[in-house]
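Take a look at the structure below.
The values are calculated or read from the model by the stated rules, or taken from the named source; none is laboratory data. These numbers come from a predicted model, not from an experiment. When the accessible area is computed, the model is the full protein with side chains, heavy atoms only, and any ligands, DNA or RNA have been set aside. Shrake-Rupley method; radii C 1.70, N 1.55, O 1.52, S 1.80 Å.
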Amino acid sequence: NNPAFFPYPNNIDIFPDPIIAVHNYGAELLVLTTSALYRLTWDTEGTGWTHTLVQQNLHVALEDTYMSCVIKNMFFFKSGDYYYMMVPRASSSVKGEVTIAPISKPIENLLDNFHQELANIVCTMSDSSDITNYPERLINYFSYVDNTKVVVNYVYDITTAPVLFQDKYLYVQLIYDTESRTWSIYIFE
């Protein structure tokens, strides 16, 4: 009955930036904020978490949290226009040490100007030279894990495009294979 009293839970974890995603990573937690990635490990006494900063200077938008996912012992996420994987460090003698791998380097030219490049691809596929209306409007995007592949889906509404695409949607899939470390792109309506 005291309005000046504010309950403060024991073992609360405070981060300098807003938390936008939390993922289970084995027995640990991965915390993705707008500018950093942290690993939280339950301490040996069972009274709280040990924080480890994995990567800072990230630029993770709230809408990009749908792109983040754990696949086996790796973590896939988007920062700015590019994709990254947190992977176990191969050359480390310390168990559990990780590093951040910039996996989108082979497709950086596509990602740097995604809308324009996608328009060029669609025009090439449809034998058209008018790229002003392709694609029209992004209406949804999401990612999921399919065995060893991370599939990033973009769905565009192209109903106002030329007659060739009346009342249709354009699905664009960027697929990253974590075993072969290759990218594929599929476009279909």
Legend entry - Sequence-distant lysines (8 or more away, or on other chains) whose Cα lies within less than 21 Å of K78: K105, K149
Legend entry - Within straight-line cross-link reach of K95, lysines at Cα separation under 23 Å, skipping those fewer than 8 residues along the same chain: K72
Inset, instruction - Taking all protein chains together and a probe of 1.4 Å, list F77, F188, F15 from the most accessible to the least accessible. - result: F188, F15, F77
